[in-house]
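As structure tokens, the structure follows; a few thoughts come after it.
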């Protein structure tokens, strides 16, 4: 019997620079590049606004965890929930009188159910298998 080693601590990310993981490093690198471009292309007041907004967003994306998950997973789940909520809330659109009139109206009769083929009996199935196995030489009428 084969023995396999089961990996341990699979939820722990690899560290590259002290306590910073690869994911955090890439987020901070992209944020730093964006802020460097903003420094070159804007004046000081606009750069400070960019620094507060995008620098803060980069730090939040890199270091904040909610329920043990990185913030960008939380943000994606939040946006998906806002787009397609799973909680259905009934909104009353009709009055009681309208509902009663809808309930008393004649309902259409549903179409008749489809006729299904009856299942092949085992004797018929064995005859068909014998026909296939003999290449058509056997016919069920020969018995």
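Does residue 103 qualify as being more than 30 Å from residue 66 (Cβ to Cβ) and part of a loop (DSSP other than H, G, I, E, B)?
Numbers: more than 30 Å from residue 66 (Cβ to Cβ): yes; part of a loop (DSSP other than H, G, I, E, B): no.
Here the answer is no, as residue 103 does not meet what is asked.
Here are some residues: 49, 12, 22, 6. Which one is free of Cβ contacts under 8 Å to residues at least 60 places away in the same chain and touching a strand residue (DSSP E or B) at 6+ places or on another chain (Cβ under 8 Å)?
Criteria check complete, one pass: 22.
Does residue 137 satisfy the criteria of being under 29 Å from the mean Cα position of the chain (by Cα), part of a loop (DSSP other than H, G, I, E, B) and more than 30 Å from residue 38 (Cβ to Cβ)? I'd like the intermediate steps shown before the answer.
Numbers: under 29 Å from the mean Cα position of the chain (by Cα): no; part of a loop (DSSP other than H, G, I, E, B): yes; more than 30 Å from residue 38 (Cβ to Cβ): yes.
So residue 137 does not fit the description; no.
Kindly indicate which of 93, 40 is exposed (fewer than 10 other Cβ atoms within 10 Å of the Cβ) and outside any loop (DSSP other than H, G, I, E, B).
After ruling out the rest, the residue left standing is 40.
Look at residue 5 and say whether it is outside any helix (DSSP H, G or I) and either surrounded by 12 or more Cβ atoms within 10 Å (Cβ to Cβ) or within 34 Å of the chain's Cα centre (by Cα) (or both). Break it down into steps so the answer makes sense when it comes.
Values: outside any helix (DSSP H, G or I): yes; either surrounded by 12 or more Cβ atoms within 10 Å (Cβ to Cβ) or within 34 Å of the chain's Cα centre (by Cα) (or both): yes.
Considered against the rule, which asks whether it is outside any helix (DSSP H, G or I) and either surrounded by 12 or more Cβ atoms within 10 Å (Cβ to Cβ) or within 34 Å of the chain's Cα centre (by Cα) (or both), residue 5 comes out as yes.
Given the criteria in a helix (DSSP H, G or I), in contact with a helix residue (DSSP H, G or I) (Cβ under 6 Å, 6 or more places away or on another chain) and surrounded by 13 or more Cβ atoms within 10 Å (Cβ to Cβ), does residue 61 qualify? Can you show your working first?
Values: in a helix (DSSP H, G or I): yes; in contact with a helix residue (DSSP H, G or I) (Cβ under 6 Å, 6 or more places away or on another chain): yes; surrounded by 13 or more Cβ atoms within 10 Å (Cβ to Cβ): yes.
Spelling it out, residue 61 is indeed in a helix (DSSP H, G or I), in contact with a helix residue (DSSP H, G or I) (Cβ under 6 Å, 6 or more places away or on another chain) and surrounded by 13 or more Cβ atoms within 10 Å (Cβ to Cβ).
Within the bounds of the stretch 111-123, is there any residue that is farther than 30 Å from residue 23 by Cβ and in a helix (DSSP H, G or I)?
Keep residues of the stretch 111-123 that are farther than 30 Å from residue 23 by Cβ, which gives 111-123.
Filter again for in a helix (DSSP H, G or I), leaving 122-123.
Yes, because at least one residue in the stretch 111-123 is farther than 30 Å from residue 23 by Cβ and in a helix (DSSP H, G or I).
Laboratory data are not the source of any read-out in this text; all were calculated from the coordinates shown. Keep in mind the model is a prediction, meaning the values are calculated, not measured. Backbone-built Cβ (ideal geometry, glycine too); neighbour counts: all protein chains shown.
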